[in-house]
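Chemist: One structure, pasted below without further comment.
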Amino acid sequence: MSAELAFNRNQDVDYGVAQEVGPGIRRIVANNPGPYTFLGTNSYVVGSGEVAVIDPGPADERHLKAVAAAIKGERLSHILVTHSHRDHCDGARGLQALAGGMIAAFGATGTPRGAGVPGLGEAFVDPSFAPDRRLADGDTIRSKGFALDVMHLPGHAPDHLCFALVGKRTVFTGDHVMGWNTTVIAPPEGNMAQFLASLERLMKRHDKVFLPGHGGRIQTPQRVVKAYIMHRKWREQTILACLDDGVRTIPRIVERLYGTLDAGLKGAAALSVLAHLEHLAARDLVAADGPSGLLGVFSSRAS
Ligand SMILES: [Zn+2]
């Protein structure tokens, strides 16, 4: 197994322009590129005449106006939000003011939100995000020309939803499965056990296309989900190998595993290692000598 997953990162982006990416599906990319957002957040328009928008994107007036312009003359029934990270949800009220529609999302989780490194706290998560309608796993959103099944797939975020276009074997995967990189799992916002369980749920489906929150369409969904799972298992093994070699603190593990990583992403890498250690500890394969967390000292129970 290799460390790097192969992604097709050749995405043509024309910010603010609605592009057809499937039958009855248009995509408008927000101009918010960055280390966590790739070229920007994808907003999708589903249907025609009566439409839903999946992920309004950031509170960027130009982007929201572009989405509103793309659906001019159509009725916006729902603004669906995959999860309450600001690059997906912050534009919801602004889009509603421009185009109407009911904002629907999972809503409050009652769990600790955010993650304690710069850029991954409240700058990243909106813990007070409140939709007009709360959605739950198993709900179906029905409109004139389409139906979307709601799946609650936590892991990247506790409130993360994916939306499956009924009868089309197409899933809007948000940040659960992305088209350009592996997903950041940063505790307490992220949870590795939940993330893997959510991947297993997608594995059991037989979809043809995933449309992610960032990056281009995924034409081989099962292969990508399997690669995500394999990548996490491989990462877990490399962390256990570090512990066996006496590399027992998160900064040292990050140094060894991600030596070449951009300094700005090392905080997220540290949290990802913590997510793995928590998942190993929950299965009694690893223990913290003293308090757990980013400053903890860990050892393998097998050694
Ligand atoms: Zn995102």
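Chemist: Applying the selection to segment 250-269, what residues are in contact with a Phe, Trp or Tyr (Cβ under 9 Å, 6 or more places away or on another chain) and of a type in the set (A, V, I, L, M, F, W, C)?
Modeler: 250, 253, 265, 268, 269
Chemist: Another question, if that's okay. Would you confirm whether or not segment 47-58 contains a residue that is surrounded by fewer than 17 Cβ atoms within 10 Å (Cβ to Cβ), out of contact with any helix residue (DSSP H, G or I) (no Cβ under 9 Å at 6 or more places or on another chain), in a loop (DSSP other than H, G, I, E, B) and in contact (Cβ under 8 Å) with a residue 12 or more places away in the chain? Before you say what the answer is, go through the steps one by one.
Modeler: Restricting attention to segment 47-58, the residues satisfying the condition of being surrounded by fewer than 17 Cβ atoms within 10 Å (Cβ to Cβ) are 48-50.
Those left that are additionally out of contact with any helix residue (DSSP H, G or I) (no Cβ under 9 Å at 6 or more places or on another chain): 48-50.
Right, trim to in a loop (DSSP other than H, G, I, E, B) and you get 48-49.
Still in the running and in contact (Cβ under 8 Å) with a residue 12 or more places away in the chain: 48-49.
There is at least one residue in segment 47-58 that is surrounded by fewer than 17 Cβ atoms within 10 Å (Cβ to Cβ), out of contact with any helix residue (DSSP H, G or I) (no Cβ under 9 Å at 6 or more places or on another chain), in a loop (DSSP other than H, G, I, E, B) and in contact (Cβ under 8 Å) with a residue 12 or more places away in the chain.
Chemist: Report, by residue number, each residue of segment 16-39 that is within 16 Å of the ligand (Cβ to nearest atom) and surrounded by fewer than 24 Cβ atoms within 10 Å (Cβ to Cβ). Please lay out each step first, then the result.
Modeler: If we filter segment 16-39 for residues that are within 16 Å of the ligand (Cβ to nearest atom), which is where we start, we get 27-39.
Answer for segment 16-39, where residues must be within 16 Å of the ligand (Cβ to nearest atom) and surrounded by fewer than 24 Cβ atoms within 10 Å (Cβ to Cβ): 27, 31, 32, 33, 34, 35, 36, 37, 39.
Chemist: On to the next question. Among 44, 36, which is assigned to a loop (DSSP other than H, G, I, E, B), within 20 Å of residue 160 (Cβ to Cβ) and touching a residue at least 12 places away in the same chain (Cβ under 8 Å)? It would help to see each step written out before you state the result.
Modeler: Working: 44 fails: assigned to a loop (DSSP other than H, G, I, E, B).
After applying the criteria, what remains is 36.
Chemist: Another one. Does segment 47-55 contain any residue that is assigned by TED's automatic domain parsing to the domain that holds residue 150, at positive phi and away from the ligand (no atom under 14 Å from the Cβ)?
Modeler: Yes.
Chemist: Of the residues 82, 109, only one is of a type outside the set (A, V, I, L, M), assigned to a loop (DSSP other than H, G, I, E, B) and in contact (Cβ under 8 Å) with a residue 60 or more places away in the chain; which?
Modeler: Of the residues listed, the single one that is of a type outside the set (A, V, I, L, M), assigned to a loop (DSSP other than H, G, I, E, B) and in contact (Cβ under 8 Å) with a residue 60 or more places away in the chain is 82.
Chemist: Considering only residues of segment 173-210 that are over 28 Å from residue 122 (Cβ atoms) and outside any loop (DSSP other than H, G, I, E, B), which is nearest to the ligand (Cβ to nearest atom)?
Modeler: Selected residue: 210.
Chemist: Determine which single condition residue 164 fails, assuming it passes every other condition in (1) of a type in the set (Gly, Ala, Ser); (2) within 13 Å of the ligand (Cβ to nearest atom); (3) touching a Leu at 6+ places or on another chain (Cβ under 7 Å).
Modeler: All conditions are met except number (2).
Chemist: What do you reckon, is residue 261 within 27 Å of residue 123 (Cα to Cα), modelled with pLDDT under 95, outside the structural domain of residue 125 (by TED's automatic domain parsing) and within 16 Å of the ligand (Cβ to nearest atom)? Give the steps one after another, and end with the answer.
Modeler: Working: within 27 Å of residue 123 (Cα to Cα): yes; modelled with pLDDT under 95: yes; outside the structural domain of residue 125 (by TED's automatic domain parsing): yes; within 16 Å of the ligand (Cβ to nearest atom): no.
Considered against the rule, which asks whether it is within 27 Å of residue 123 (Cα to Cα), modelled with pLDDT under 95, outside the structural domain of residue 125 (by TED's automatic domain parsing) and within 16 Å of the ligand (Cβ to nearest atom), residue 261 comes out as no.
Chemist: Another question, then. Could you list all residues from segment 126-158 that are away from the ligand (no atom under 13 Å from the Cβ) and of a type in the set (Asp, Glu)?
Modeler: 132, 137, 139, 149
Chemist: Filtering segment 194-228 down to residues that are more than 15 Å from the chain's Cα centre (by Cα) and of a type in the set (A, V, I, L, M, F, W, C), which residue is surrounded by the fewest Cβ atoms within 10 Å (Cβ to Cβ)?
Modeler: Among residues in segment 194-228 that are more than 15 Å from the chain's Cα centre (by Cα) and of a type in the set (A, V, I, L, M, F, W, C), the one surrounded by the fewest Cβ atoms within 10 Å (Cβ to Cβ) is 203.
Chemist: Which of the numbered conditions does residue 78 fail, given that it passes all the others? Conditions: (1) at pLDDT 95 or above; (2) within 16 Å of the ligand (Cβ to nearest atom); (3) touching a strand residue (DSSP E or B) at 6+ places or on another chain (Cβ under 9 Å); (4) not basic (Lys, Arg).
Modeler: Unmet condition: (2).
Chemist: Give the residues of segment 55-75 that are in contact with a strand residue (DSSP E or B) (Cβ under 6 Å, 6 or more places away or on another chain) and within 14 Å of residue 96 (Cβ to Cβ), sorted by residue number.
Modeler: Correct list: 55, 56, 57, 67, 71, 75.
The values are calculated or read from the model by the stated rules, or taken from the named source; none is laboratory data. If you're wondering where the values come from, they're calculated on a predicted model, not measured in any experiment. Ideal geometry is used to build each Cβ from the backbone, glycine not excepted, and the neighbour counts take in all protein chains shown.
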